[in-house]
Amino acid sequence: MLSTIAQLRAAVQQALIRAFGEAFATTDPMLVSASNPKFGDYQANVALSLAKPLGQAPRAIAEQLVQNLDVAELCDPPSVAGPGFINFSLKHSFLEEQLQAIRIDPRLGVEPLGAGKRAIVDYPSPNIAKEMHVGHLRPSVIGDCLARILEFLGYETLRISHLGDWGTPFGMLIAYLREAYPNALNDDSAINLGDLASFYRAAKRRFDEDTNFQDTARQSVVQLQAGDPETLKAWGIVCDLSNQTNQKIFDLMGLKPLILRGESFYNPFLSDVVAELDRLGLLVEDQGAQCVFLEGFTNKEGKPLPMIVQKSDGGYNYATTDLAAIRYRVTEDQVQRVVYPVGAEQSNHFAQIFQVGKRAGWIKEDHDFVHAPLGNVLGEDGKKLKSRSGEAARLKDLLDEAWLRADPDLYQLVCEQDWEAIALVLLEEPDWETAAARLSSDESLADNVAALKKTTIETVQRQVPIWLMGNEPVPSVAQPVVANIRQALEQRWVENRGLGAERSFQSILSDVQAIGISAIKYADLSQNRTSNYVFSYAKMLALQGNTAPYMLYAYVRIQGIGRKGGIDFSELDAKSPILLKEDVELTLAKQLLQLDEMLLMIDQDLLPNRLGQYLFELSQKFNQFYDRCPILQAEEEDVKTSRLILCHLTAKTIKLGLSLLGISVLERM
RNA sequence: GCUCCAGUAGCUCAGUCGGAUAGAGCAACUGCCUUCUAAGCAGUCGGUCGAAGGUUCGAGUCCUUCCUGGGGCGCCA
């Protein structure tokens, strides 16, 4: 099915030819949605731009186009307005037809325009050996979302994680593994290194304190790259540990698994890449390093900038790896399209490797390699979050905090309790002052005590949902408080969450967790991916306005109607007419029919926030419809059925749209 | 020094290829639950689109200069 806008565009194109001749066959009709509902649904602005070439008044041009337009099937007779806009108002009968068509279409009218093509979405998952922090959210969430959208558009899509699994930090971890867990290398069953966070912290501490250990660590990198079997084994253990730990968070967040193809994967191809660049005459030796000199990039002295593909010590660097990846993807993976949702600070790097990839003949005309830059996540101070300095919030903490805050009753009850004494016991310190005195900080002791209290209490509060869920044993000191919370919560949930016959305490709590995670993902996805944003709990965990819960709620309302009326939406008579009588019904219907336009646009600009915006508007329009149009209580049977169909289509659209964002719907809230 | 990105309501941000009176959400304030879930709906308040020039029928959008913030610029990834 051709989208409405495409049908109109074709019609205006025909009119251009009829009115002004074949020369205008390729003129863009400049069709866009109307800037204001009072102008109709769509407008063509082409007449204004043709004023000069045709030497006529724009209004006269518009009139001639209208004379030649054949759109009687789609809309009311078009009108010329203002300086020469052509306005189109869609006919109700056309909208009703279109709705009937997408009703029986599992794709809701969206063309699989990528069918038969293969695409790669290459996003940096958390690097091996690093604990996930909030800065890792963007690439993972946006990368997963773009992959889902391309997949839905028909592309055979590979999600590839180009993770750093070969670089310098490994030395430290391998050396620490050998030192602290010597048995791990001989006895596979002996491996229990605890979670990655503590292992990494321990290794880092060791590395920072001891210069001898630093040497050992560097030595390990050399051994690794030389292929020493024992070192490789240690490396494998560290990678497995890292992948397992991060996989848990990926699962929790509903991110689809990645093909792990890190730097180590391309290691065997690096020398070939350099040799091929040499054969092509692109390679120049400079100060002992093998370089490709770039066009359009200069250094501080204004001389051409080299891209180093082999260091003077013979080693390779990340540019080499990325080039190898490009070559592999073209020759082995046979892809047409590669999308890199990666931080904007790497724009130069991508421009450079794409340039070299093209000059080497790997990236050809029909290949589409594109960097989709991501803005930085900034700290409260407006500076980029750095994992190195350790100030970035842990991702796991953010997810737990979201769980706590996603249900207002739960959050209120937890905040009401006095946690100070419990927190101190769990901190395993005699008193706050002693604990605070150990912190290395320039602040006064009083400030340190206050800060320590706050963070410790927050840490304990984040545990509450986990304890309530029964995932971890509740420490005895916290048991009475947790029991109280549970009791009070059960009372409230009986009243406003349907706790009892329909839902168990655990299932509600689990839904609350899903809502929290959805809110976090959506907070990221709803923003233009190129803009920086300042990380803030309050913003990411908001539950009102343009948020995931808002859209989930619209969906839940529809499910509620189904339950209340004993309706099986899929059983609604396929022949029942759709009647668009009220303004809100019309508005909702038009929104439902714009999904395909939206996704077509995203295929081009790769901006998921457009889809978020679309779904928010759809939910808004549904809520207005819900507010003003009785559905189950509709007086006439055919109106009731028509409205149920609108409900069903809305639910399907929200469900599909959210699933493309990587968010699952709930049946109840 | 060179270069890339950004600057829109008190806050966070949309704004399609240049198009008609620049839009949301949050915050603040006012209404609406005996009626399909109020995580909702309706409304009020809020703007020299960083500044100045230019291009033209028309500029938040394109060009130039400047200001402010952030990123990048040879052997880290």
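Worth pointing out:
- Neighbourhood net charge (13 Å Cβ-Cβ; Lys/Arg +1, Asp/Glu -1) for A:ASP76: -1
- Across the stretch A:154-168, rounded Karplus estimates of 3J(HN,Hα) from the backbone phi angles (6.51 cos²θ - 1.76 cosθ + 1.60, θ = phi - 60°) give x, 5, 6, 10, 9, 9, 10, 9, 8, 7, x, 10, 9, x, 4 Hz, Gly and Pro being marked x.
- The residues of chain A expose, per residue, 46 Å² of accessible area to a 1.4 Å probe.
- Radius 13 Å from Cβ of A:TRP419, net charge of other residues (Lys, Arg +1; Asp, Glu -1): -1
- Highest-first packing order for the peptide set A:163-172, A:355-364, A:57-66, A:568-577 is A:163-172, A:57-66, A:355-364, A:568-577, based on the mean count of other beta carbon atoms within 10 Å.
- Rounded to the nearest 20 debye, the dipole size of chain A about its Cα centre is 960 debye, using +1 on the Cβ of Lys and Arg and -1 on the Cβ of Asp and Glu.
- Debye-sum result for the stretch A:53-164 in log10 I(q)/I(0), which assumes one identical scatterer on each alpha carbon, at q = 0.13, 0.19 Å⁻¹: -0.77, -0.96
- Sum of -39500 (n - 2.57) over DSSP H runs of 4+, divided by residues of chain A (222 nm, nearest 500): -17500 deg cm²/dmol
- Net charge, A:THR216 excluded, C-beta distance under 11 Å - Lys, Arg +1, Asp, Glu -1: 0
- Portion, in percent, of the accessible area of the stretch A:4-90 that falls on carbon or sulfur, probe 1.4 Å: 53
- Gain on full extension, evaluated as 0.36 nm per residue between A:SER659 and A:SER504 minus their Cα-Cα distance, stands at 53.3 nm.
- Residues of the stretch A:434-456 falling in the label zone of A:GLU428, defined by backbone nitrogen less than 18 Å from a point 7 Å along Cα to beta-carbon, are A:434-439, A:456.
- Pairwise label distance in nanometres, A:GLN491 with A:ASP638, each label 7 Å out on the Cα-Cβ vector: 5.3
- Carbon plus sulfur fraction of accessible area for the stretch A:395-534, probe 1.4 Å, in percent: 49
- Cα-based values for chain A, radius of gyration first and Dmax second, are 29.7, 89 Å.
- Length gained when the stretch A:LYS117-A:LYS358 is fully extended (0.36 nm per residue, less Cα-Cα span): 84.7 nm
- Cα centroid of the stretch A:327-348 to Cα centroid of the stretch A:431-501, whole Å: 45
- Share of carbon and sulfur in the accessible heavy-atom surface of the stretch A:169-261 [1.4 Å probe, %]: 49
- Burial order of peptide ranges A:457-464, A:476-483 (average beta-carbon count within 10 Å, highest first): A:457-464, A:476-483
- For A:ASN317, the amide hydrogen comes within under 5 Å of the amide hydrogens of A:LYS311, counting only partners 5 or more places away or on other chains and with H modelled in the peptide plane.
- Convex hull volume per residue for the stretch A:542-661, taking Cα atoms only, in Å³: 107
- Residue ranges A:510-518, A:392-400 sort as A:510-518, A:392-400 when ordered by packing (mean number of other C-beta atoms within 10 Å per residue, highest first).
The values are calculated or read from the model by the stated rules, or taken from the named source; none is laboratory data. Worth saying up front: this structure is predicted, and the values here are computed from it rather than measured. We place every Cβ from the backbone using ideal geometry, glycine too, and count neighbours over all the protein chains shown. When the accessible area is computed, the model is the full protein with side chains, heavy atoms only, and any ligands, DNA or RNA have been set aside. Shrake-Rupley method; radii C 1.70, N 1.55, O 1.52, S 1.80 Å.
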